[in-house]
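Trainee: I have a structure I would like to understand better, so I am pasting it below and will then ask my questions one at a time.
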Amino acid sequence: MIRDITLGQYYPADSILHKLDPRVKLVTTIAFLVALFVADDWVGYLVATVFLVAVIKLSRVPFHFMVKGLKAIFFILLITLIFNLFLTPGDVVLVQIWKLKITDKGLHTAIFMAIRLIYLILGSSVMTLTTTPNDLTDGLEKLMSPLKKLHVPVHEVAMMMSIALRFIPILLEETDKIMKAQIARGADFENGNLIQKAKNLVPLLVPLFISAFRRANDLAMAMEARCYRGGEGRTKMKPLIYARRDYYAYGVVVIFLAAIIAVRVVL
Amino acid sequence: MSLKLEHVQYTYSPSTAYEIHALKDVNLEIPDGQFIGLIGHTGSGKSTLVQHLNGLVKATSGHIYFNGEDIYADGYDMRKLRSKVGLVFQYPEHQLFEMDVLSDICFGPKNQGLSKEEAEVRAREAMRMVGLSEEYEKQSPFELSGGQKRRVAIAGVLAMEPEILILDEPTAGLDPRGRDEILDQISRLHKERGITIVLVSHSMEDVAKYVERIIVMNQGEVLHDGAPREVFRHYKELESVGLAAPQVTYILHTLKEKGFGVDEDATTIEEARDTILRVFRDKVKKHD
Amino acid sequence: MDKKETMIKAKDLVYEYRKYDEEGRERELIKAVNGVNFQIEKGDFVAILGHNGSGKSTLAKHINALLVPSAGTLWVDGIDTKEEERVWDVRQSAGMVFQNPDNQIIGTIVEEDVGFGPENMGVPTKEIWERVEESLKAVNMLKYRHHSPNKLSGGQKQRVAIAGVVAMHPECIVLDEPTAMLDPNGRKEVIRTVRALNQVEDITVILITHYMEEVIYADKVIVMDDGKIVMTGTPREIFSQVETLKSYRLDVPQATQLAWELKKAGLDLPDGILTREELVEALCHLN
């Protein structure tokens with residue numbers, strides 16, 4: 001079940017987007033999200049669409065693979081659409097079913113909101129699909145490093161994120177194993193009302209927590225044994241260095257944002 | 001009372017690029033009261049196979065019959081099957097969760113619908129079976145030693161009074177004495193209570209001493225199935241699939257090749273000693 | 001033979017900890033290591049044997065300065081492990097590999113994990129890459145450098161963990177039951193790797209285990225029981241004392257056991273037979 005969510009999964013391919021510095025991709029994603037909220041008419045959205053389609057093409061990730069990620073948020077999408085469609089007041093009533101009215105404004109907002117949400121998901125999936133989790137944490141650490149001056153533990157947070165990424169599959173497997181072991185002892189994780197179901201989770205959660213703590217303890221010791229002592233004085237095996245293509249990419253992003261803003265101001 | 005597998009196949013992620021045939025046409029019969037060793041290296045399908053035996057994993061195709069009844073038939077009571085076929089997982093101590101030993105062992109019987117009192121009677125009996133004295137009843141399972149924790153976990157399955165007990169590598173991580181103690185205890189269960197036992201292991205030497213039948217798994221298939229002495233005759237083939245026969249098998253075969261009339265089929269140290277002594281009896285120096 | 005340099009030296013080493021009951025009252029004082037003296041020379045392959053709870057793992061953690069003696073002293077490459085400011089030097093010269101392969105791999109990609117130690121030591125980027133490559137080569141895992149550790153077998157994961165230590169260029173590697181959670185094939189892989197490191201790279205190896213087959217190749221075996229060293233000697237010397245070993249909850253390889261049983265029954269066999277080949281040869285010599 002948890003494995004079905006494509007959002008945030010890395011898709012290995014050999015594309016220019018895969019080669020870009022993770023910082024560029026993070027900044028671009030943020031710029032794209034900002035653009036979606038700045039744009040408020042068809043022309044603006046046209047610019048955003050062109051940008052998105054170009055980026056998806058460049059990523060060499062099959063489109064249907066990306067759409068799979070949309071399935072996970074299908075419900076949210078539907079609910080937003082319905083709410084906007086029926087609850088936005090407007091001047092011209094297009095359709096009226098019993099007491100529910102669809103107005104011209106409602107239709108307009110609903111369509112824009114839906115496009116905005118879909119673009120938002122697609123845009124951020126392009127980033128996660130083309131960037132390994134490790135690069136992502138490295139990128140975040142580097143981007144946030146000015147915050148170190150404000151005593152924000154940037155390195156520690158990034159380290160925690162990458163350890164979490166490493167242990168999620170292990171803990172998922174462990175959950176499966178403990179669950180099976182308790183089912184073999186007659187446990188029931190499916191039937192009963194909500195309270196019973198919650199109570200039935202105790203035999204699963206207690207061993208899982210104990211295991212997670214044991215692993216954390218072991219890992220802390222292993223890290224210490226390998227001379228880990230925080231971010232100070234550490235070198236990097238794969239330091240982030242901007243290449244020429246990264247500057248070009250920044251250039252494209254700046255032009256894109258400028259175009260969106262220009263459309264908004266001029267029209 | 002028996003468990004019968006007919007043409008059991010199991011495929012992970014069928015019809016995708018990740019398709020793996022974990023089990024290929026497995027046919028087996030486990031009759032009442034046998035002590036069986038199930039051997040294979042990691043990834044041979046042995047762990048997948050045992051999870052089929054109590055219905056935790058459903059075969060992609062094929063049938064499994066317990067006492068003649070098809071366990072995949074509509075309306076078959078899986079929970080009842082699971083209480084008849086007890087499965088002790090690898091590192092079973094990782095599933096302990098209660099505040100004290102007795103309550104943890106009661107978990108299984110209570111799930112079977114027994115009252116607290118009945119469950120406790122069963123739990124105390126199970127503790128005796130694995131050699132845990134009463135003083136442990138109120139202790140936290142997390143403060144016990146590794147070997148003791150494992151006994152508690154095994155008792156947790158025994159308290160459900162299974163007719164077949166399957167143990168997936170019950171000696172993993174234990175020291176030599178701990179290993180012998182657990183295996184002796186299991187062997188006693190088989191002798192005294194007549195419980196059918198399936199011992200999953202990758203150590204031929206551990207298994208040879210106890211079991212009457214060995215099933216060798218390789219790449220999802222049953223490679224050999226027979227008495228230890230028959231199976232170990234194929235020691236060269238076993239070696240080629242990454243398993244080794246006990247050291248005594250090699251010693252006796254080499255002696256035989258060198259022209260000594262030893263019984264090369266002996267499987268335990270005691271048998272090997274006796275057959276070697278028979279050949280070398282004129283060399284035995286009498287003690288004063 | 002040249003006089004070897006001393007790698008590790010322990011003098012009257014004691015490690016004790018207190019156990020508390022639920023109200024926080026002291027229940028008992030446990031001496032996990034109780035007055036241990038030993039010395040290990042550079043380039044040696046030393047095995048430490050003992051049952052679970054004999055104190056062998058506690059002793060191992062002292063060599064990496066993860067634990068500091070309660071009394072007595074331990075020197076690693078001449079450094080007293082109690083000197084707090086030199087703890088990182090101790091950890092660099094005596095690397096450690098643990099039992100559970102999953103719980104000691106930090107990186108999500110094999111080569112990044114191997115680079116973790118050098119990164120912590122502040123090794124320049126270019127040199128990290130060289131070290132990662134040579135270490136993965138030394139454990140024969142170079143072709144898996146871009147793999148995720150989760151997809152590897154137990155034996156492969158342990159070899160990655162060993163590479164992670166080798167990349168720190170240690171004088172000595174302590175392996176705390178590295179094979180306890182592996183299957184026979186994984187066990188063989190790891191032992192073969194460790195022996196190669198000892199013989200080819202001349203790294204001092206301290207192998208902690210309770211599998212007897214693994215100590216046959218050691219230069220020296222130390223047996224621990226109840227926090228004390230109870231036996232020291234070559235594998236042959238140790239394995240000739242089958243009954244003493246059994247009293248310490250240990251075992252001997254099947255060939256040794258069989259030879260011992262035959263000898264007890266009156267056959268004139270030498271002491272301390274280690275392998276099946278030796279036994280067959282000894283039996284042939286009887287005729």
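Trainee: Where does the charge balance sit around residue B:233 when Lys and Arg score +1, Asp and Glu -1, over other residues with C-beta under 11 Å from its C-beta? Don't skip to the answer; put the middle values down first.
Mentor: Numbers: positive: B:229, B:236; negative: B:230, B:237, B:264, B:265.
Net charge around residue B:233: -2.
Trainee: Quick one: which bits of the stretch B:154-187 get at least 30 Å² less accessible when the partner protein chains are in, versus the chain alone, with a 1.4 Å probe?
Mentor: Checking the loss per residue gives B:160, B:173, B:175, B:176, B:177.
Trainee: Setting aside same-chain residues fewer than 8 positions from residue A:105, which lysines have a Cα under 28 Å from its Cα?
Mentor: Within reach: A:71.
Trainee: Oh, and also: How large, in percent, is the carbon and sulfur part of the accessible surface of chain A at a probe radius of 1.4 Å? Please list the in-between numbers first.
Mentor: Working: 11020 of 15550 Å².
On chain A, the fraction of accessible area on carbon and sulfur atoms equals 71 percent.
Trainee: Show which lysines lie in cross-link reach of residue C:4 when reach means a straight Cα distance below 27 angstrom and same-chain residues fewer than eight apart are skipped.
Mentor: Hits, sequence-local ones excluded: C:42, C:56, C:61, C:82, C:220, C:228.
Trainee: Which value in nm describes the separation of the simple spin-label points at residue A:245 and residue B:221, placed 7 Å from the Cα toward the beta carbon?
Mentor: Output for this residue pair reads 4.7 nm.
Trainee: Please calculate how many Å² of accessible area the protein assembly as shown carries per residue, with a 1.4 Å probe and no DNA, RNA or ligand atoms counted. Walk me through the numbers before you get to the answer.
Mentor: Numbers: 39710 Å² over 842 residues.
Each residue of the protein assembly as shown exposes 47 Å² on average to a 1.4 Å probe.
Trainee: If you build the Cα gyration tensor of chain A and take the root of 5 times each eigenvalue, what three semi-axes come out, in whole angstrom, biggest first? Write out the running numbers ahead of the final one.
Mentor: On the way: eigenvalues 306, 204, 51 Å².
One finds semi-axes of 39, 32, 16 Å for chain A.
Trainee: Which percent of the accessible heavy-atom area of chain C goes to carbon and sulfur, probe 1.4 angstrom? Don't skip to the answer; put the middle values down first.
Mentor: Working: 5160 of 11700 Å².
Roughly 44 percent, rounded to a whole number.
Trainee: Would you compute, from DSSP H runs of 4+ residues alone, the mean residue ellipticity of chain B at 222 nm, taking -39500 (n - 2.57) per run and dividing by the full residue count, rounded to the nearest 500? Could the numbers behind the result be given before it?
Mentor: Working: 11 runs with 109 residues, N = 288.
So the helix-based figure for chain B works out to -11000 deg cm²/dmol.
Trainee: Between residue A:78 and residue B:145, with labels modelled 7 Å along Cα→Cβ, what's the label distance in nm to one decimal, could you check?
Mentor: 6.0
Trainee: Ignoring ligands, DNA and RNA, what percent of the accessible area of the stretch B:1-154 is carbon or sulfur (1.4 Å)? Don't skip to the answer; put the middle values down first.
Mentor: Values: 3360 of 6920 Å².
C and S atoms contribute 48 percent here.
Trainee: Now a separate question. Counting Lys and Arg as +1 and Asp and Glu as -1, each charge on the Cβ, what is the dipole of the stretch A:153-234 about the Cα centre in debye, to the nearest 20? Show your work: numbers first, answer last.
Mentor: Details: 11 positive and 9 negative charges, 22 e Å.
Its charge dipole is roughly 100 debye.
Trainee: Now for a separate question. Name the residue, out of C:266, C:24, C:72, whose mean-square fluctuation peaks in a Gaussian network model built on chain C with Cα pairs under 10 Å.
Mentor: C:24
Trainee: If I take R0 = 56 Å and measure r between the Cβ atoms of residue A:199 and residue C:41 in this structure, what FRET efficiency does the formula 1/(1 + (r/R0)^6) give, to the nearest 0.05? Don't jump to the answer; show the numbers that get you there.
Mentor: Details: r = 60 Å, r/R0 = 1.07.
E between residue A:199 and residue C:41, to the nearest 0.05, is 0.40.
Trainee: Build a GNM of chain A with springs between Cα atoms under 10 Å: which of A:151, A:64, A:108 gets the top mean-square fluctuation?
Mentor: A:151
Trainee: Sum up the charges of everything whose Cβ sits under 13 Å from the Cβ of residue A:91, counting Lys and Arg as +1 and Asp and Glu as -1, but leave residue A:91 out.
Mentor: Charge balance near residue A:91 sits at +1.
Trainee: Considering only protein heavy atoms, what is the solvent-accessible area of residue A:85 at a probe of 1.4 Å, reported in Å² to the nearest 10?
Mentor: 30
Trainee: Hey, for a label at residue A:149 modelled as a point 7 Å past Cα toward Cβ, could you say which residues of the stretch A:229-265 have their backbone N under 19 Å away?
Mentor: Hits in the stretch A:229-265 for residue A:149 at 19 Å: A:232.
Trainee: Before we go on, tell me the buried accessible area for the B/A pair, both chains summed, 1.4 Å probe, in Å² to the nearest 100. The partial results should precede the final answer.
Mentor: Working: alone 14860 and 18060 Å², together 31240 Å².
Buried: approximately 1700 Å² between A and B.
Trainee: Then there's this: Is it possible to state the helix-based mean residue ellipticity at 222 nm for chain A, with each DSSP H run of 4+ residues giving -39500 (n - 2.57), the sum divided by total residues, to the nearest 500 deg cm²/dmol? What is it? Can you show the working numbers first?
Mentor: Details: 11 runs with 186 residues, N = 267.
Helix contribution divided over all residues of chain A: -23500 deg cm²/dmol.
Trainee: Determine the dipole magnitude for the protein assembly as shown: charges of +1 sit on the beta-carbon of Lys and Arg, -1 on that of Asp and Glu, nothing else is charged, the reference point is the Cα centre, and the result goes in debye to the nearest 20. Present the calculation step by step, with values, prior to reporting the outcome.
Mentor: Values: 101 positive and 114 negative charges, 492 e Å.
Magnitude of the dipole: close to 2360 debye.
Trainee: Moving on. As an exercise, use a Förster radius of 60 Å and the Cβ-Cβ distance of residue C:219 and residue B:21 to find the FRET efficiency, rounded to the nearest 0.05. Each step should come with its number before you reach the end.
Mentor: On the way: r = 46 Å, r/R0 = 0.77.
My answer for the efficiency is 0.80.
Trainee: Let me ask something else about it. Just how large is the dipole of the stretch A:198-267 about the Cα centre, in debye to the nearest 20, putting +1 at every Lys and Arg Cβ and -1 at every Asp and Glu Cβ?
Mentor: Values: 11 positive and 4 negative charges, 22 e Å.
Its charge dipole is roughly 100 debye.
Trainee: Starting from the residue with the highest accessible area, list A:74, A:167 in decreasing order, probe 1.4 Å. Write down the numbers at each step before the final one.
Mentor: Working: A:74 115, A:167 20 Å².
In descending accessible area the options line up as A:74, A:167.
Trainee: Calculate the spin-label point distance for residue A:96 paired with residue B:7, positioning each point 7 Å from the Cα along the beta-carbon direction, and give it in nanometres.
Mentor: About 6.7 nm separates the two model spin labels.
Trainee: Enumerate lysine pairs in the stretch B:3-228 that are 8 or more residues apart or on different chains, then count those whose Cα atoms are under 17 Å apart.
Mentor: Lysine pair count for the stretch B:3-228: 14.
Trainee: Where the eigenvalues come from the Cα gyration tensor of the stretch B:173-252, what are the semi-axes √(5λ) of the equivalent ellipsoid, largest first, in whole Å? List each step's numbers first, then the result.
Mentor: On the way: eigenvalues 103, 46, 30 Å².
Equivalent ellipsoid of the stretch B:173-252: 23, 15, 12 Å, largest first.
Trainee: At a Förster radius of 56 Å, what calculated FRET efficiency corresponds to the Cβ-Cβ distance of residue C:196 and residue A:40, to the nearest 0.05?
Mentor: 0.25
Trainee: Same structure, new question: At the nearest 100 Å², what buried accessible area, both sides summed, do you get for C and A when the probe is 1.4 Å?
Mentor: Working: alone 14780 and 18060 Å², together 29760 Å².
Approximately 3100 Å², summed over both chains.
Trainee: Further question on the same structure: Per the helix-only calculation at 222 nm, which mean residue ellipticity applies to chain C, given -39500 (n - 2.57) for every DSSP H run of n ≥ 4 and division by its residues, nearest 500 deg cm²/dmol?
Mentor: Numbers: 10 runs with 104 residues, N = 287.
Helices in chain C give a 222 nm mean residue ellipticity of -11000 deg cm²/dmol.
Trainee: Would you mind telling me which residue in C:141, C:224, C:168 has the biggest mean-square fluctuation in a Gaussian network model of chain C, where springs connect alpha carbons within a distance under 10 angstrom?
Mentor: Between C:141, C:224, C:168, it is C:141 that shows the largest mean-square fluctuation.
Trainee: Charges on Cβ only, +1 for Lys and Arg, -1 for Asp and Glu, centred on the Cα centroid of chain B; of B:243, B:121, B:266, which one is farthest towards the dipole's positive end?
Mentor: Value computed over the given set: B:266.
The values are calculated or read from the model by the stated rules, or taken from the named source; none is laboratory data. This is a predicted model, so every value here is computed, not measured. Neighbour counts are summed over all protein chains in view; Cβ atoms, including those assigned to glycine, are modelled from backbone coordinates with ideal geometry. We work out accessible area using only protein heavy atoms, side chains counted, and drop any ligands, DNA or RNA first. Shrake-Rupley method; radii C 1.70, N 1.55, O 1.52, S 1.80 Å.
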